Amino acid sequence: MHLTFWGVRGSYPVPGAATVRYGGHTSCVELRSESGGCLVIDAGTGLRGLGQKLAQEARDPGGTTYNLILSHVHWDHIQGLPFFEPAYIGDTKIVVHAPRAAAKELRLVIGGITRHEFFPVALDAVPADFEFQEVTPGKAFDIDEFTVLPIGLNHPFGAVGYRVDADGSSMAYVSDTAPFDRMLHKQHFTAGVEEPNSDDLAILSEMRANLVQSLRRVDTVIYDTHFTKGEYEQFTHWGHSTPDHALEICHEAGVRQLVLYHHAPAHDDDAMDKIAEQYGVRGKRMAIAVCVAREAMTLTMGEATNPGFGV
């Protein structure tokens with residue numbers, strides 16, 4: 001499998017002079033099998049560029065089906081949907097897979113962001129046919145040659161990660177998630193840290209164990225590392241992790257390669273360089289190759305060493 005990053009930011013896009021090297025678009029990853037099968041993960045603003053590429057590839061009168069899996073429907077993970085070029089090509093099918101709670105409202109959500117007050121073309125007016133499928137943590141499903149396992153994560157309103165296996169290799173996408181100790185994130189954003197009760201702690205423990213088990217023997221893990229350690233102490237209730245949290249999970253799961261992802265908007269290229277250097281060294285001590293996701297970076301699963309990994 002080959003994966004390419006089209007958007008690497010969290011919260012909101014920050015293209016500009018300070019983010020040229022790492023990129024400013026929000027979450028979007030393209031996954032390709034050896035036979036050319038395509039799976040799109042998340043639909044942030046990076047989806048626009050990917051959509052242009054896919055539309056150029058698919059000038060086929062027989063039509064094309066695209067499969068998009070969403071971690072959740074927070075704005076930075078769906079911003080690109082109204083600008084996804086294949087949606088404006090007739091005889092095209094777009095299958096959107098999303099967590100159960102989100103999937104029930106997904107047509108409403110997407111329809112909402114394309115209301116006439118916000119966007120000139122309504123969802124029902126585009127030529128492509130949209131289909132919405134629910135995913136459930138722990139219940140694997142197949143999309144062509146890809147086997148996809150959803151993984152429950154700790155994030156306000158809920159989110160899922162995905163383990164994807166194909167071509168004898170594997171990868172995992174873990175965004176967005178908080179750690180599994182201080183608080184259990186539920187339906188709504190919490191203004192501050194709430195002491196978890198015994199029931200919450202049991203759920204968090206099970207969620208963490210399921211994540212570690214799901215990541216066993218995965219070649220490469222893309223992980224939400226939005227905050228530095230100091231930033232996390234200020235915003236433990238925002239539903240995001242740090243590189244230290246990611247390394248802890250990946251080390252326990254025996255993961256070989258870790259990609260830091262969902263970068264905070266305030267982290268410019270110089271800040272990302274420092275993070276890359278610091279955690280490249282730290283990961284090497286733990287026998288984990290670490291790099292920072294950059295737009296247009298492509299990685300091949302199963303290679304002994306990928307460009308950009310390690311220090």
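With +1 assigned to the C-beta of every Lys and Arg and -1 to the C-beta of every Asp and Glu, and no other charges, what is the dipole magnitude of region 2-300 about the Cα centre in debye, to the nearest 20?
Using Cβ point charges on Lys, Arg, Asp and Glu, region 2-300 gives about 300 debye.
Which one of Tyr279, Thr45, Pro15 has its Cα pushed farthest toward the positive end of the charge dipole of region 2-300, where Lys and Arg give +1 and Asp and Glu give -1 at the Cβ?
Tyr279
Less than 24 Å apart at the alpha-carbon level, and either on another chain or at least 8 residues along: which lysines does that give for Lys186?
Result set, ordered by chain and number: Lys104, Lys139, Lys229.
Specify, per residue and in Å³, the volume enclosed by the convex hull of the alpha carbon atoms belonging to the chain.
Dividing the Cα hull volume of the chain by its residues yields 129 Å³.
Can you give the net charge of the other residues whose Cβ lies under 12 Å from the Cβ of His262, counting K and R as +1 and D and E as -1?
So the environment of His262 carries a net charge of -3.
For region 242-300 and region 8-77, what is the centre-to-centre distance using only Cα atoms, to the nearest Å?
Answer, in whole Å: 20.
Give me the distance in nm between label points sitting 7 Å out from Cα along the Cα-to-Cβ direction at Asp200 and Asp91, one decimal.
Spacing of the two 7 Å Cα→Cβ label points: 5.5 nm.
Just going by the charge dipole of the chain, with Lys and Arg at +1 and Asp and Glu at -1 on Cβ, which of Val259, Val164, His237 is farthest out on the positive end?
Farthest towards the positive end: Val259.
Quote to one decimal, in nm, the extra length available between Phe119 and Asp244 on full extension: 0.36 nm per residue of separation minus the C-alpha distance between them.
That works out to 41.0 nm of additional length.
List the longest stretch of the chain that has no exposed loop site; here a site is one of the GluC sites (Glu not before Pro) assigned by DSSP to anything other than H, G, I, E or B, with at most 14 other Cβ within 10 Å.
It works out to 195-302.
If each of Arg216 and Lys139 carries a label point 7 Å out from its Cα toward its Cβ, how far apart are those two points in nm?
2.3 nm
Among Asn67, Asn197, Asn210, which one shows the highest mean-square fluctuation when the chain is modelled as a Gaussian network with alpha-carbon springs under 10 Å?
Highest fluctuation of the listed residues: Asn197.
If you wrap a convex hull around the C-alpha atoms of region 206-311 and split its volume per residue, what is the figure in Å³?
Hull volume over Cα atoms, normalised by residue count, gives 103 Å³.
Stretch Ala18-Lys229 to full length: gain in nm at 0.36 nm per residue minus the Cα-Cα span?
The span from Ala18 to Lys229 would gain 73.8 nm if fully extended.
Every number here is computed from the coordinates shown, using simple stated rules; none is lab data. The structure presented is a predicted model; accordingly, all values stated were derived computationally and were not measured. Backbone-built Cβ (ideal geometry, glycine too); neighbour counts: all protein chains shown.
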